[in-house]
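The structure appears below as structure tokens.
What follows draws every value from the coordinates through simple rules; no lab data is involved. The shown structure was predicted, so the numbers you read here are calculated from the model rather than taken from an experiment.
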Amino acid sequence: MRFMMLMIPAAYQGANGAQLAEGFAPDAEMVAKMMKFNEDLASAGALISLDGLQPASKGARITFGCGVGTVLDGPFPETKEVIGGYWMIRVASKQEALDWAVRCPAQDGDVIELRQVFDMEDFPADVQAAADSDIVRSQIS
């Protein structure tokens, strides 16, 4: 089973998050703790991928209406939760994913949202056929 652990750091939320712009970098001591966690995930064979994300002030949102996309540059005034990074993991159960998530060296106020990733066999045959693409599969395999 694959799960995505989405990190929602307290530092990216609310008024503080709007202030995280040019020159923002996480604390080196915190990064070292996270790297130990990442190494533990990798050593266990659970880690598929991971990345940290720049603050929302450097991003954009594209909303769609009537088939047309409209771009809004960050920061986003109505945002309550901003994702700061993610881990993609492969584990045997939701409980194992939860066990990893609670081990994360997160700071006070940080949140990790755990979401199971769809596997193709979760879908009916017609959806699997519609989603089958040699080009896409070759790029992400």
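What the table below lists for this structure:
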read-out	value
Segment 88-141 - Rg and Dmax from Cα coordinates, angstrom	15.8, 45
Whichever lysines have a C-alpha closer than 20 Å to that of LYS58, once near sequence neighbours (fewer than 8 apart) are set aside	LYS80
Compactness of segment 2-140 as Cα Rg over 2.2 N^0.38 Å, two decimals	1.23
Whether segment 22-94 is rounded, prolate or oblate, judged on the alpha carbon gyration tensor where a/c under 1.5 counts as rounded	oblate
